[in-house]
1. Looking only at region 314-323, decide whether some residue is surrounded by fewer than 16 Cβ atoms within 10 Å (Cβ to Cβ) and without any contact (Cβ under 8 Å) to a residue 40 or more places away in the chain.
2. Does at least one position in region 233-243 carry a residue that is in contact (Cβ under 8 Å) with a residue 24 or more places away in the chain, charged (D, E, K, R), assigned to a strand (DSSP E or B) and within 30 Å of Cys142 (Cβ to Cβ)?
3. If Tyr78 meets every condition in (1) buried (at least 21 other Cβ atoms within 10 Å of the Cβ); (2) out of contact with any helix residue (DSSP H, G or I) (no Cβ under 8 Å at 6 or more places or on another chain); (3) aromatic (Phe, Trp, Tyr) apart from one, which number is that one?
4. So which residues in region 203-212 are modelled with pLDDT under 90 and either closer than 30 Å to Val157 by Cα or surrounded by 10 or more Cβ atoms within 10 Å (Cβ to Cβ) (or both)?
5. How many residues are hydrophobic (A, V, I, L, M, F, W, C) and either closer than 15 Å to Leu212 by Cβ or not assigned by TED's automatic domain parsing to the domain that holds Gly271 (or both) when one looks only at region 309-336?
6. Within region 37-80, track down each residue that is among the aromatic types (Phe, Trp, Tyr) and either modelled with pLDDT under 95 or within 18 Å of the chain's Cα centre (by Cα) (or both).
Amino acid sequence: MPNGPTNREQQSPTQEQWIRLYELAAQVKEMAPWEWMMEDQVFGVQHPDTGELGFVSVMGNLGEHLAIALYLGAEGLYGLFTMEECEEEDIAWVLYTIPQLQLSFGNRDCVDTRERKLMDALNLKFRGRQSWPKFRSFQPGCLPWYLEASEAGFLLVALEQLLDVAPRLLHDDGFLEMEDEETFLVRVGSHQNGDVLWEDREMRVAPPEIVLRALWDSELLNKLAALPRVGNRLEVDFFLMPTPIQESQALRPYLPHCLFIVEQESGLIMGQDMLDPFPSLNNMREKAPLRFADILVRLEVLPEVLYVRAGWFADFLAALFRDVPCNVIPSKRLRSLDTAKEEFIGFLSGGSF
């Protein structure tokens, strides 16, 4: 499977994979593991062919959203934990950064024409509330999209292991409890004599170490240092846009991120730039400081103070302006920017200033 979001055409699952996925979906729906499993009762699955790790979480204990998620790698696992702890206004941002595959059950109107055609071709019938299976891939920075063949293969392996683990948890609710918070039960499969044999293992999975290295351009930085200094103050944010971009019907739609700069006193938009999440969110973030510097060079001014909301971006800009007379101050409250941002998004959504 791809390591980050991609905007290439995908290889669709085979008919055999679809048949097996729908068979497993029916078995999961009949078992209804959400009746006794909580979302934070997570277990791992190691793909027997690739060695890739995924972590299964069951949603629906309150009966609202029935779903099985396979969080991909340590990034997906700890992304889940981050989402559980974050403030409500930050959930949307965090959700779109977590790599995962998902099987959900909804009403008939939750599946689209493409899925109905597939169900008809496989002669599948579903009736009733929350009975229609829906398979989706979540890649960081992108909208939920159809499964690729490699993703389908991993998800069906995970669903098979859920059918093994869930009944055991019903009879022993401490089955998944480990000695520390970084150790998890992982189902590990190995090929032996033409079969895949599965066993339980305890595996330590540490939080991913994410190292961001801002990309610098010495010529651009020299131009930045030579800019005339003015006494104004700018508010800066780097946020997820709510309007998706899809370059063609065959490609995965993504949510651009907006670098947004507003003059504090006047509320005027001084600059904005859109960045896509390819080849990864981290790569996008590493490019952001240079894009910011380029905007200032085009404006031909160096502000006295920058108030920056995103903590990681404030750190990057502090490094960028280390030898430049401009103060970088992290700040959650950006009143002028938030007012301009609301008008800007409204305009792009079809409204007007």
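1. For region 314-323, residues surrounded by fewer than 16 Cβ atoms within 10 Å (Cβ to Cβ) and without any contact (Cβ under 8 Å) to a residue 40 or more places away in the chain: present.
2. Within region 233-243, one or more residues are in contact (Cβ under 8 Å) with a residue 24 or more places away in the chain, charged (D, E, K, R), assigned to a strand (DSSP E or B) and within 30 Å of Cys142 (Cβ to Cβ).
3. (1)
4. Within region 203-212, Glu209, Ile210, Leu212 meet the criteria.
5. 9
6. Those that are among the aromatic types (Phe, Trp, Tyr) and either modelled with pLDDT under 95 or within 18 Å of the chain's Cα centre (by Cα) (or both): Phe55, Tyr71, Tyr78.
Conditions (1) assigned to a helix (DSSP H, G or I); (2) crowded, with 16+ Cβ neighbours inside 10 Å; (3) not basic (Lys, Arg), marked per residue:
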| residue | (1), (2), (3) |
| --- | --- |
| Lys134 | no, yes, no |
| Leu147 | no, yes, yes |
| Ala158 | yes, yes, yes |
| Leu162 | yes, yes, yes |
| Leu169 | yes, yes, yes |
| Gly174 | no, no, yes |
| Phe184 | no, yes, yes |
| Ser190 | no, no, yes |
| Arg201 | no, no, no |
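The values are calculated or read from the model by the stated rules, or taken from the named source; none is laboratory data. All figures in this text were calculated on a predicted structure; none of them were measured in a lab. We place every Cβ from the backbone using ideal geometry, glycine too, and count neighbours over all the protein chains shown.
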